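Student: The structure is given below, and queries will be raised subsequently.
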Amino acid sequence: MGRTYIVEETVGQYLSNINLQGKAFVSGLLIGQCSSQKDYVILATRTPPKEEQSENLKHPKAKLDNLDEEWATEHACQVSRMLPGGLLVLGVFIITTLELANDFQNALRRLMFAVEKSINRKRLWNFTEEEVSERVTLHICASTKKIFCRTYDIHDPKSSARPADWKYQSGLSSSWLSLECTVHINIHIPLSATSVSYTLEKNTKNGLTRWAKEIENGVYLINGQVKDEDCDLLEGHKKSSRGNTQATSHSFDVRVLTQLLLNSDHRSTATVQICSGSVNLKGAVKCRAYIHSSKPKVKDAVQAVKRDILNTVADRCEILFEDLLLNEIPEKKDSEKEFHVLPYRVFVPLPGSTVMLCDYKFDDESAEEIRDHFMEMLDHTIQIEDLEIAEETNTACMSSSMNSQASLDNTDDEQPKQPIKTTMLLKIQQNIGVIAAFTVAVLAAGISFHYFSD
């Protein structure tokens, strides 16, 4: 017996309204949440067409082999940044003409694995062994409206397709539960002089991976209480006459306590490291996660919050580096530090749902630009007045020098005239071909790059 996908009715309406406009096919993403018993799909979004693809795909004989996986996976990576904790890209869909109805399976399979691999590469966390490892592919024939729903095991590249049930339900996420927390971070990442061949981005991700373990091992208070992970999240909450949890309990306050290594049984050693600089991340991060209301477990809620914390910090760092590369920020010659105003997190409600999606806004970006970005990435119109700014802006400072010893306190040493930022310029030349295909809008926490002189 295959998996069952419970799908929001508006998703079905969205898919039905997609017009091929003479093209051979249209592909896109399916977004929702996994659970042990069934999966929930609350949103679908088509992949924006490339201008140069528009003409090629209008030929009736165009094959699915022409599907641009690189473009589709980049879209998936951008969309994954806009998902709060608890939501995932569950799979891909494709709508084809009748002539291509029999050619879809291999193309969908390749696309699904490519999307999952691309998104997973950027994560600071891993799926657990208990979690569902199946992802869905949905094929719809534009002429007959016939649906083919299949799943593949993402842990097994050679896995065969399994049939799955696709069932629509009205108001699927209208009573989902939300969890909110504010996390204060202060992360110091030394940049080892022995890893000068690494990009700044790679060094930073390595440092964040170490910090991620603190978040994973933290203690999570839900409404001020520590709850057993196997307990029902709604245990003790009042229910209405219909048996549903009352609306007042739809939101939970979560607090994170990171553990201090004070156990005498745990040996700690100090490491002396020669560094070329350091990266500091400091500030308050607003996090949100959502979970279905069908007997949710505490462990599922905590896991969703953890992953939102890790995702939003990692995503903003990545967006910062993209911005520096795309705009080639000029070097300040009269100052040892550069200050950058980083964008903050903005939330937008999903119509007919308690779930909110997110994006990241620079200070100099208008609300209209955020609205247009949502339209481009998610193919959904939002109202500017619905934008909810969750955070205040902070600044980031960057300074650099060669061959120095990292210090948390000493940042006043005189800086040399030739900074390590040259490495970033080299990275621009090496990576210009893989810069994001979409204009993306980077941690309401400050990020500072410190490089200390000899």
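Student: Quick one: what pairs do we get from segment 318-330, first residue closer than 22 Å to residue 82 by Cα, second surrounded by fewer than 17 Cβ atoms within 10 Å (Cβ to Cβ) and at pLDDT 75 or above, C-beta under 8 Å, 6+ apart or different chains?
Tutor: Pairs found: 318/122.
Student: Give segment 181-220 a look and list any residue that's of a type in the set (Val, Ile, Thr) and open to solvent by 20 Å² or more (accessible area, probe 1.4 Å), or say none.
Tutor: Filtering segment 181-220 down to residues of a type in the set (Val, Ile, Thr) leaves 182-183, 185, 187, 189, 194, 196, 199, 204, 209, 215, 219.
Result: 182, 194, 196, 199, 209, 219.
Student: Select, from 31, 18, the only residue that is buried (at least 23 other Cβ atoms within 10 Å of the Cβ) and under 18 Å from residue 375 (Cβ atoms). Step through it out loud before you land on a result.
Tutor: Numbers: 18 fails: buried (at least 23 other Cβ atoms within 10 Å of the Cβ).
After ruling out the rest, the residue left standing is 31.
Student: Additional query: Filter segment 155-168 down to the residues that are surrounded by 14 or more Cβ atoms within 10 Å (Cβ to Cβ), out of contact with any Gly (no Cβ under 8 Å at 6 or more places or on another chain) and not in a loop (DSSP other than H, G, I, E, B) and list them by number. Write out each step before concluding.
Tutor: Initial filter on segment 155-168 (surrounded by 14 or more Cβ atoms within 10 Å (Cβ to Cβ)): 159, 161-162, 164, 166, 168.
Then keep just the ones that are out of contact with any Gly (no Cβ under 8 Å at 6 or more places or on another chain); that gives 159, 161, 166.
Correct list: 166 only.
Student: For segment 49-64, does any single residue satisfy the condition of being at pLDDT below 95, under 28 Å from the mean Cα position of the chain (by Cα), outside any loop (DSSP other than H, G, I, E, B) and of a type in the set (A, V, I, L, M)?
Tutor: yes
Student: Something else about it: Taking the stated definitions as given, is residue 178 surrounded by 14 or more Cβ atoms within 10 Å (Cβ to Cβ) and within 29 Å of residue 288 (Cβ to Cβ)? Talk me through it step by step, then tell me what you get.
Tutor: Working: surrounded by 14 or more Cβ atoms within 10 Å (Cβ to Cβ): yes; within 29 Å of residue 288 (Cβ to Cβ): yes.
Yes: the conditions hold for residue 178.
Student: Still on this model: Take the residues of segment 275-317 that are within 15 Å of residue 255 (Cα to Cα) and over 18 Å from the mean Cα position of the chain (by Cα): which is surrounded by the most Cβ atoms within 10 Å (Cβ to Cβ)?
Tutor: 298
Student: Out of everything in segment 291-335 that is of a type in the set (S, T, N, Q) and either on the phi > 0 side of the Ramachandran plot or outside any helix (DSSP H, G or I) (or both), what residue ends up being modelled with the lowest pLDDT?
Tutor: Here is the first cut: in segment 291-335, the residues of a type in the set (S, T, N, Q) are 293-294, 303, 311-312, 327, 335.
Adding the requirement that they be either on the phi > 0 side of the Ramachandran plot or outside any helix (DSSP H, G or I) (or both) leaves 293-294, 335.
Numbers: 293: 87, 294: 87, 335: 39.
Among those residues, the one meeting the criterion is 335.
Student: May I pose another question? Could you give every pair whose Cβ atoms fall below 7 Å, whose first residue belongs to segment 179-206 and is at pLDDT 85 or above, and whose second residue is open to solvent by 40 Å² or more (accessible area, probe 1.4 Å) and small (Gly, Ala, Ser), counting only separations of at least 6 or pairs across chains?
Tutor: Final answer for the pair search is 180/251.
Student: Out of the residues in segment 65-82 that are part of a helix (DSSP H, G or I) and modelled with pLDDT under 90, which is least open to solvent (accessible area, probe 1.4 Å)? First the steps, then the outcome.
Tutor: Going residue by residue through segment 65-82, those that are part of a helix (DSSP H, G or I) are 65-66, 69-81.
Among the residues that remain, those that are also modelled with pLDDT under 90 are: 65-66.
Numbers: 65: 110, 66: 92 Å².
Here the answer is 66.
Student: Test residue 12 against the criterion of being in a loop (DSSP other than H, G, I, E, B) and not acidic (Asp, Glu), and give yes or no.
Tutor: In short, no.
Student: Taking the condition of being closer than 26 Å to residue 85 by Cα, of a type in the set (A, V, I, L, M) and open to solvent by 10 Å² or more (accessible area, probe 1.4 Å), how many residues in segment 120-144 meet it? Steps first, please.
Tutor: Looking only at segment 120-144, we keep the residues that are closer than 26 Å to residue 85 by Cα, and these are 120-138.
From what's left, of a type in the set (A, V, I, L, M): 124, 132, 136, 138.
Pick out the ones that are also open to solvent by 10 Å² or more (accessible area, probe 1.4 Å) and you get 124, 132.
Qualifying residue count, segment 120-144: 2.
The values are calculated or read from the model by the stated rules, or taken from the named source; none is laboratory data. Nothing here was measured: the structure is a model prediction, and the numbers come from that model. Every residue, glycine among them, receives a Cβ derived from its backbone with ideal geometry; neighbour counts consider all protein chains shown. To get the accessible areas, we keep the full protein, side chains included, count just its heavy atoms, and leave off ligands, DNA and RNA. Shrake-Rupley method; radii C 1.70, N 1.55, O 1.52, S 1.80 Å.
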